[in-house]
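Laboratory data are not the source of any read-out in this text; all were calculated from the coordinates shown. Treat the numbers as computed from the prediction; the structure is a model and nothing was measured. Don't worry about glycine lacking a Cβ; one is built from the backbone with ideal geometry, like all the others, and counts go over all protein chains shown.
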Amino acid sequence: MKARPFYKLQFLNLAVFLAIFSFSYSQDDITGDGGRGYDLFQANCTACHQIDGTFIGPQIRGVVDRVKEEGGVGREWLHAWIKDNKALRESGDAYAIQVFEQYNRQEMLAFPSLTEQDIDDILVFSMDPEAGQAAFEQAKADAAAAAAAAKAANSGGDGAAAGVVIVGFFILAVLLIWILFRLNALVKLTRAEELTADDEEVAFSFAGFINKYEKLFRVALAVLVFLALYGVWNFMLGIGVDKGYEPEQPIYFSHQIHAGVQGIDCQYCHSSAKYGKVSGIPSPDLCMNCHKTIKEYRGDYYEEYLVESGRFSTPDEVKAFYTGEIQKMYKAVGWDPDTNNFTGEQRPIEWVRIHNMPDFVYFSHQQHVVAGEKAILQAIAEGTIPNAEELDLPGNSQVCFACHGDVTKMDELQMANQFTMGWCIECHRTTEVDMSNEYNSQYYAELHEKLKKEYGDGAKITVDAIGGLECGKCHY
Ligand code: HEC
Ligand code: HEC
Ligand code: HEC
Ligand code: HEC
Ligand code: HEC
Ligand code: HEC
């Protein structure tokens, strides 16, 4: 690098450093990782605080500046408050008491388990929530990329397949370069006036080489073509693989609590599965059938497990968190739990869609949940559904579990299967059709007779035999 641009760069670095330093100094010397802060805030504080606007507690954006302006307090006070606000109030701290009175004497939880660094991280996040969230997402993406790279390096399956393809391409590249050099030598020869002995040797050795190893070249070419096709095939089967996808939802709605502990039937909420193509997500009105009266979470079935898992540090925190989620739902539907009236101020709940087939795929729940129910339940019992080992379903499974996994054990709903074409087809190949149900016995009577003649009376008739592999059945 030339000297001048080099010094320019140094000055720029120095200026940026000074700017950051003076900024953090003016913020009471709070330094930390806003990305971690975002994560901690999401896990511990969103039951009562929002980034913008008053919720149960005050808005978190700009809290550092606000307490400085209103109470003349800074980092020390914030640490003391967040660690144990009650102790701070009881110590007679005037501003702590003022804030408590201002928010109608609502108790904030104590967070003795948060470290100094944790709290600084949250405060850094509060200064610029967008930057914190972006840093968190970046860190998460980096970690996912690193994990994927590590997995590809370690795992036998996909990693090995990718490895084979890469080695194949490497060999191909070496071969091409070699041929290029050889051709180059030949071209030089054609330009030369006279062939020297050396030149002749080069020319004939190349032709001789090709002749001698012709078979080998053909085999190599065949292998390379095969590898390329294999890669394309794998790629096609893998498009849209999102197994394990578990997006963050606007309300932390737990299937484990509703469908598991409370035993509410899937179809009470997803009632259209029986009648049509989609299962649908229940409307908030349906939630209010129960939640007009269930205003807080009182369950005591869960706390120990959640505290042990490290997500929460005390049972009270667990309760406050879930109760806060119910409050969020009231905000969405516009319900005032104190007066038991609708306020008319609604905000639709924007659930993040988890399963979403491409438009060119036709999938009907009815076909599987009604006509296919008995067949699929039997396949679960026999362990022949795709991915059976990993899903490890209970004996009294419901038909939904075959594809969605045991939802009653999912606090946050996630995609339990691949939902690829290969996955649909695998199940259609192995699942025996229930010929006794009304729909099939009428619809397939003729076909059934034909198949019986062809394969004998007791033959297994799997879904592929009734057309479950025909492109047109699943594609428009
Ligand atoms: C159970 C509800 C609840 C939870 C959880 C909660 N807070 Fe609070 N917080 C409040 C309430 C309510 C207030 C208002 C003061 C009062 O009434 O005690 C408050 C006040 C504050 C204040 C003082 C703000 C001001 O403007 O003076 C800070 C800072 C704060 N909370 C940070 C946090 C952080 C950080 C977390 C997560 C680690 C958190 N809170 C979790 C309910 C909660
Ligand atoms: C009390 C109502 C309720 C019950 C009972 C319930 N669900 Fe849900 N379900 C929801 C809500 C709300 C969502 C959207 C939020 C989410 O994804 O967590 C949802 C989402 C889903 C999704 C993901 C939808 C998508 O976005 O792709 C599946 C799959 C699902 N439920 C299956 C089930 C199964 C299987 C059962 C029974 C074991 C069940 N649900 C019981 C309310 C319910
Ligand atoms: C059939 C009754 C019923 C319906 C319908 C119902 N809930 Fe619940 N909900 C409950 C019960 C019972 C609890 C647990 C209360 C306890 O354990 O103290 C609960 C707890 C909750 C909680 C706190 C635990 C958690 O899952 O985070 C939230 C939030 C919640 N419900 C949201 C919803 C939403 C959103 C809907 C509509 C999609 C809904 N509920 C529909 C009965 C119902
Ligand atoms: C044969 C596999 C299979 C079975 C069995 C099954 N589902 Fe699904 N489910 C799917 C597929 C595939 C999708 C994605 C559909 C789409 O995107 O068009 C889906 C999507 C959903 C959705 C998201 C909303 C929608 O309809 O697209 C919900 C909710 C759901 N299923 C609930 C259920 C419930 C409840 C049951 C049991 C009554 C059930 N499913 C049984 C495969 C299945
Ligand atoms: C758990 C096993 C299973 C999975 C996974 C599954 N299916 Fe099926 N499917 C069945 C069964 C069983 C039937 C036969 C239902 C009946 O008796 O009519 C069926 C029937 C069908 C039919 C009607 C076939 C015909 O000839 O009439 C279509 C279309 C279909 N499935 C589409 C899909 C699609 C698309 C997917 C993937 C998104 C899928 N299925 C995944 C078990 C499964
Ligand atoms: C049992 C249902 C089913 C049958 C039968 C079926 N497909 Fe598919 N196909 C799917 C599903 C589901 C997807 C979407 C997969 C995804 O999003 O990952 C898909 C995707 C595709 C794609 C896009 C590439 C991909 O894998 O995402 C092509 C191309 C395709 N199918 C061609 C065909 C052809 C050709 C046939 C007939 C030989 C066929 N399909 C039969 C269910 C089926």
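Of note:
- Simple Cβ-charge dipole of the range 31-138, Lys/Arg +1 and Asp/Glu -1, about Cα centre, in debye nearest 20: 300
- Peptides 214-220, 127-133 ranked from most to least packed, by the mean per-residue count of other Cβ atoms within 10 Å: 127-133, 214-220.
- Y38, Y95 arranged by Cβ crowding within 10 Å, fewest neighbours leading: Y95, Y38
- Gained length - E246 relative to Q98, 0.36 nm times residue gap less alpha-carbon distance: 49.2 nm
- Separation in nanometres of the label points that stand 7 Å from Cα toward Cβ, at E76 and Y230: 6.9
- Highest mean first, the peptides 464-473, 370-379 sorted by other C-beta atoms within 10 Å per residue fall in the order 370-379, 464-473.
- Long-range amide H partners of W335 with built H, under 5 Å: T343
- Beyond 27 Å in Cα-Cα separation lie the following of the pairs K83/K319; K243/K319; K453/K473; K188/K212; K295/K374; K86/K409: K243/K319; K295/K374; K86/K409.
- Phi angles across the range 469-475 convert, under the Karplus curve 6.51 cos²θ - 1.76 cosθ + 1.60 with θ = phi - 60°, into 3J(HN,Hα) values of 10, 6, 3, x, 6, 10, 10 Hz, Gly and Pro given as x.
- Residue-span extension gain [Y443 to D265] - 0.36 nm each, minus C-alpha spacing: 61.1 nm
- The charge dipole of the range 255-380, taken about the Cα centre with unit charges on the Cβ atoms of Lys, Arg (+1) and Asp, Glu (-1), comes to about 500 debye, rounded to the nearest 20.
- Using the Cβ-Cβ distance between D392 and K212 with R0 set to 60 Å, the FRET efficiency from 1/(1 + (r/R0)^6) comes to roughly 0.55.
- In this rough spin-label picture, where each label sits 7 Å from Cα along the Cβ direction, the D198-S113 distance is 7.8 nm.
- Per-pair calculated FRET efficiency, R0 = 56 Å: E382 and E137 via Cβ, rounded to 0.05: 0.85
- Computed FRET value (nearest 0.05) for D285 with I166, which takes r as the C-beta separation and R₀ as 60 Å: 0.65
- Residues whose placed amide H lies under 5 Å from that of T462, excluding near-sequence neighbours: V433
- Amide proton proximity set for A416, modelled H, under 5 Å, gap of 5+: G244
- P(r) weight above 22 Å for the range 31-138, C-alpha pairs, percent: 25
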